[in-house]
Amino acid sequence: MISKNDEIIGLIKKKIQLEADALYRVAAQIDNASAEAASLISDCSGKVVVTGVGKTGHIGKKIAALFASLGIPSFFVHSCDALHGDMGMITKDDVVIMISNSGKSSEILNMLPSLKIIGSKTISITNNRESLLAKETDIAILCNAGDEIDQSGLAATASTIAALAIGDALATVVSQEKGFNRKDFALFHPGGALGQKLIKEYMERVNPM
């Protein structure tokens, strides 16, 4: 007889496998758009700005944080806040990554007119290249993860893990192309073990015994 715990363990494994399947699905969709996005970010003379709302907003925060930790100046701006003044943080030299699973989020779409006037380059990550967001951004990355993994197929799960994977991939590829190394990583993480080692070496150089 299968215990309740065994049943739950089986369900958890199944959910994780479904998200893994979503990543394989999205990996197969990677094409020239992603390569063009990586080149655009690598050549950016300003900052990488990531925006989203709801669950994609949380994903966007993590992506922006990763870019910054890998030596690529970046920050997150919530799409709603952008519509009420935070657009002033964005310049013509910036690249704006706009995450919306449907490509129909009104808060993100309403940023587009101002971004076009400012002159920022835009990259969308969406499950539909025929969506208005995809059509109106300079580069549209397809991220169609298939069904969400909850019982109703509605909760942001597979779609958000897939968007996160694309963001992680872009950040790490660009940092690799720029020659970012362990020493650079330590420089931006002074609170970690590598950072502390770098600080110690620096102090020994400037204050030799």
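The values are calculated or read from the model by the stated rules, or taken from the named source; none is laboratory data. Just so it is clear, the model here is predicted, and its values are computed rather than measured. No Cβ is skipped: glycine too gets one built from the backbone with ideal geometry, and neighbour counts run over all protein chains shown.
How about region 148-186: which of its residues are farther than 17 Å from ILE59 by Cβ and either hydroxyl-bearing (Ser, Thr, Tyr) or in contact (Cβ under 8 Å) with a residue 12 or more places away in the chain (or both)? Within region 148-186, SER152, VAL173, VAL174, SER175, GLU177, LYS178, PHE180, ARG182, LYS183, ASP184, PHE185, ALA186 qualify.
With respect to (1) within 17 Å of ILE90 (Cβ to Cβ); (2) more than 13 Å from the chain's Cα centre (by Cα); (3) small (Gly, Ala, Ser), the lone exception for ALA28 is condition (1).
Selection of region 48-76 for residues being under 12 Å from GLU107 (Cα atoms) and in a strand (DSSP E or B) yields THR51, GLY52. Among the helices (runs of 4 or more DSSP H) confined to region 93-209, the ones with at least 2 residues that are surrounded by 15 or more Cβ atoms within 10 Å (Cβ to Cβ) and modelled with pLDDT under 95 are located at 182-187, 193-206. May I ask you to verify whether ALA35 is without any contact (Cβ under 8 Å) to a residue 40 or more places away in the chain, crowded, with 19+ Cβ neighbours inside 10 Å and closer than 14 Å to VAL174 by Cβ? No, not satisfied.
Filter region 58-110 for residues that are charged (D, E, K, R) and either touching a Phe, Trp or Tyr at 6+ places or on another chain (Cβ under 7 Å) or within 28 Å of ALA186 (Cα to Cα) (or both) and give the result. Within region 58-110, LYS61, LYS62, ASP93, ASP94 meet the criteria. Just wondering, is there one or more residues in region 145-154 that are small (Gly, Ala, Ser) and not assigned by TED's automatic domain parsing to the domain that holds GLY71? No; the residues of region 145-154 include none that is small (Gly, Ala, Ser) and not assigned by TED's automatic domain parsing to the domain that holds GLY71.
Checking each residue in region 137-172 for being small (Gly, Ala, Ser) and closer than 12 Å to ARG25 by Cβ picks out ALA145, GLY146, ALA158, SER159, ALA162, ALA165. Residue check: SER45 meets all listed conditions (1) more than 23 Å from SER102 (Cβ to Cβ); (2) in a helix (DSSP H, G or I) but one, namely (2). The set of residues in region 1-22 that are closer than 18 Å to ALA165 by Cα and surrounded by fewer than 16 Cβ atoms within 10 Å (Cβ to Cβ) comprises LYS15, ILE16, GLN17, ALA20, ASP21.
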